[in-house]
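The structure appears right after this line, and notes come after that.
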Amino acid sequence: MSSARSVPAQIPVRSELAENVSSADYPLSGESIVCFAGEDWWYHHPHSKNHILKRLAKHNRVLFVNSITMGLPSIGNPDFFHKIRRKLRSYLRWLRKAPEGLWVMTPINVPMYGSAAIRALNRLLLTVQLRLVMFLLNLRQPIVWVAIQRLPTS
């Protein structure tokens, strides 16, 4: 398993953040930031947003919300079982503190989106999990960052 820390019963966010918050040289300090990303923090090569979030985490409370997959990969895909295993491992981590100082959450959902009932269930699951994590991490009035990666055109 990775060196990431699991969620403790009580999360000492304020004391950890208090050491790093005040910096006259840093333009954004003491804020709550929630980033919804198009990839999984644990399994993708770092993008520019990852590097920016690592820096922001030194002076702010940062939550990186891993991608909510939009469906299962095709069973004909050569990486089918690898992708399923990787996503299941990410689900098992649910909420962890990354070594870089930010928190990473993998929302648990039902990876089927053809049914309106399942989509409604997934909305409810995401809302409940996000509110719980924001409460646990004391994220108040967050700056919301939606980072969607554009697919290459052919």
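The values are calculated or read from the model by the stated rules, or taken from the named source; none is laboratory data. Worth saying up front: this structure is predicted, and the values here are computed from it rather than measured. Reconstructed Cβ throughout: ideal geometry from the backbone, glycine too, with neighbour counts over all protein chains shown. For accessibility, only protein heavy atoms count, side chains too; no ligands or nucleic acids. Shrake-Rupley method; radii C 1.70, N 1.55, O 1.52, S 1.80 Å.
Can you confirm whether region 83-93 contains a residue that is within 24 Å of ILE148 (Cβ to Cβ), modelled with pLDDT under 80 and exposed (fewer than 12 other Cβ atoms within 10 Å of the Cβ)? Taking every residue of region 83-93 in turn, at least one turns out to be within 24 Å of ILE148 (Cβ to Cβ), modelled with pLDDT under 80 and exposed (fewer than 12 other Cβ atoms within 10 Å of the Cβ). In a residue-by-residue description of region 41-50, the property of being modelled with pLDDT of 55 or more, more than 14 Å from the chain's Cα centre (by Cα) and open to solvent by 80 Å² or more (accessible area, probe 1.4 Å) applies to at least one position. Taken over region 51-71, residues that are at pLDDT 70 or above and open to solvent by 40 Å² or more (accessible area, probe 1.4 Å) amount to 7. Looking across SER22, SER3, one residue alone is open to solvent by 50 Å² or more (accessible area, probe 1.4 Å), within 16 Å of VAL104 (Cα to Cα) and modelled with pLDDT under 70. It is SER3.
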